[in-house]
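One structure is given below, encoded as structure tokens.
The values are calculated or read from the model by the stated rules, or taken from the named source; none is laboratory data. This is a predicted model, so every value here is computed, not measured. Here Cβ is always computed from backbone atoms with ideal geometry, including for glycine, and neighbour counts include all displayed protein chains. Just so you know, the surface numbers come from the protein's heavy atoms only, side chains and all, with ligands and any DNA or RNA stripped out. Shrake-Rupley method; radii C 1.70, N 1.55, O 1.52, S 1.80 Å.
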Amino acid sequence: MAAAVVAVLVAGGVGGWLLWGRDSGTGPGPTAGPSATVSEAPVTSSGAPSASDSASDSASPSEGAPPPGTRLVEDVAGFTIAVPEGWNRTTSGASVFYNAPDGASLVQVFTIDEPGLSPYDALRETSRNLAEKNPGYQEISLERTGTDGKEAELVYAYDRTEGRRKVVDRAFTGSDGRQYAVLAAGPETDWPGQRETLDTALRFFKPGS
């Protein structure tokens, strides 16, 4: 279980932070500095995220076209997702990020590869670790949202130097049998924008692009 927790907790985010670890609150890319707070990128990642543009616009899936202001992309990491227009792609370790131009908000996608770790258990351990490492951490909700233990959601907030941040994280089993986590993070004042961004991303999410 310990190894699984590390893998999940380090898969946190970009846009200036490492979601599952700590977050310096400075700079446009993820950092693992000692003054960090929340980390939206796996702590197992190494090096700075690469600002690669390895995603291509895709034709609309069977669900129809994404909402205005968003675009559908087929990511080279092996999934299709809808993200806001103008958000740029970066990577850190096994995580893929789509970051707002101002660096204040992001979407992160990563896989949960630890055998036997359910989506709910992964998010429960995530919350425990975040509570230990991040100032003002608050678990707002943690619940099973799918059937047969195949989906769970964690909503939480924490303090950064730029202000309070709110995140919604969904862990689930994809149609390919792999477990994924997709989260949306941004300033608390933007809520419920994070949920709207995540709902759109998940509505068009499809593994195996």
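Side notes on the structure shown:
- Taking residues in region 197-209 that are in contact (Cβ under 8 Å) with a residue 60 or more places away in the chain, and partners anywhere that are crowded, with 18+ Cβ neighbours inside 10 Å and basic (Lys, Arg), the pairs with Cβ atoms closer than 8 Å and at least 6 places apart or on different chains are LEU198/ARG170.
- For region 109-136, the set of residues classified as under 24 Å from LYS206 (Cα atoms) and small (Gly, Ala, Ser) consists of GLY116, SER118, ALA122, listed by residue number.
- Evaluated against (1) charged (D, E, K, R); (2) without any contact (Cβ under 8 Å) to a residue 60 or more places away in the chain; (3) within 22 Å of PHE205 (Cα to Cα); (4) crowded, with 16+ Cβ neighbours inside 10 Å, GLU139 falls short on exactly one condition, (3).
- Count of residues meeting criterion [assigned to a loop (DSSP other than H, G, I, E, B) and at pLDDT below 50] in region 51-78: 9
- Residues located in region 106-119, provided they are outside any strand (DSSP E or B) and either β-branched (Val, Ile, Thr) or buried (at least 24 other Cβ atoms within 10 Å of the Cβ) (or both): PRO119
- Exactly one residue among SER127, SER95 is hydroxyl-bearing (Ser, Thr, Tyr), touching a residue at least 60 places away in the same chain (Cβ under 8 Å) and open to solvent by less than 20 Å² (accessible area, probe 1.4 Å), and that residue is SER95.
- Which listed residue is more than 27 Å from ARG71 (Cα to Cα), surrounded by 21 or more Cβ atoms within 10 Å (Cβ to Cβ) and not polar (S, T, N, Q), from ALA171, ALA122: ALA122
- Test set (1) in contact with a strand residue (DSSP E or B) (Cβ under 7 Å, 6 or more places away or on another chain); (2) over 26 Å from LYS206 (Cβ atoms); (3) of a type outside the set (Gly, Ala, Ser); (4) outside any loop (DSSP other than H, G, I, E, B) - LEU154 fails condition number: (2)
- Some residue of region 153-164 being open to solvent by 30 Å² or more (accessible area, probe 1.4 Å), in contact (Cβ under 8 Å) with a residue 12 or more places away in the chain and farther than 18 Å from GLU188 by Cα: no
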